[in-house]
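See below for the structure under consideration.
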Amino acid sequence: MSFSGKKFRRVRAENIEELLKVSKANESVASILQSTTPTFSFTRIEDQTFTFHLQAENRQMTVTFTLGQETELERRDGTKVKVTYTLEADNVISQVIKSPDGKISYFRREFGDKEMKMTITIEGSDVAATVYYEQVE
């Protein structure tokens, strides 16, 4: 689990605008996905428990979660979503987000030595976006 505790910053993205059009994402989600400076980290607390910290322009969020357990989170706009994280491999974390309107989004983060690639897809769409990050700490 070489990524635990490391901080990553976005360096570029592909197809974000197309994905946002297809998904009709709310303003809060669109803002984070289009932001040029978000950073994040995952830190392992216990065997199955992690903390996810996100900082994007004028927003900070910290979430503690247990792998495989659905957690309810509230977005900035007040929308409550259900989120489940799983560890696919030692260097891959997947996240499923279920919105109240029935939309399901998938985020797959693949960590390398000093970089991370996040692929985002939405159920019912063939559009995928990819966001690239580099380690900053």
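Where does each of F3, F52 land when they are ranked from fewest to most other beta-carbon atoms within 10 angstrom?
Details: F3 22, F52 17.
Listed from fewest to most nearby Cβ atoms, that is F52, F3.
May I ask you to order 4-17, 77-90 by the average number of other C-beta atoms within 10 Å around their residues, highest value first? Before the final figure, lay out the partial values.
Details: 4-17: 15.5, 77-90: 13.1.
So the order, starting with the most tightly packed, is 4-17, 77-90.
Counting Lys and Arg as +1 and Asp and Glu as -1, what is the net charge of the other residues whose Cβ lies under 9 Å from the Cβ of L73?
Numbers: positive: R75, K80, K82; negative: E72, E74.
Once all neighbours under 9 Å are counted, the net charge is +1.
Any idea what Rg and Dmax come out to for the chain if you just take the C-alpha atoms, in Å?
For the chain, the Cα-based Rg and Dmax read 14.1, 38 Å.
Taking 8 Å as the Cα distance limit and 6 or more residues as the minimum spacing, I'd like the relative contact order of the chain as a percentage.
26 percent
Suppose R0 equals 22 Å. What FRET efficiency, 1/(1 + (r/R0)^6) with r the Cβ-Cβ distance, do L67 and N15 give to the nearest 0.05? Kindly include the intermediate steps, with their values, before the conclusion.
On the way: r = 28 Å, r/R0 = 1.28.
The formula returns an efficiency of 0.20 here.
Greater than 24 Å separation of Cα atoms is the criterion. Which listed pairs, K21/K80; K21/K82; K7/K98; K6/K98, meet it? Could the numbers behind the result be given before it?
Numbers: K21/K80 21 Å; K21/K82 22 Å; K7/K98 26 Å; K6/K98 27 Å.
Cα-Cα > 24 Å for K7/K98; K6/K98; rest within.
We did not get these values from a lab; they are worked out from the coordinates using the rules stated. Computed from a predicted model, the values in this text were never measured in an experiment. Virtual Cβ from ideal backbone geometry, glycine too; neighbours counted across all protein chains shown.
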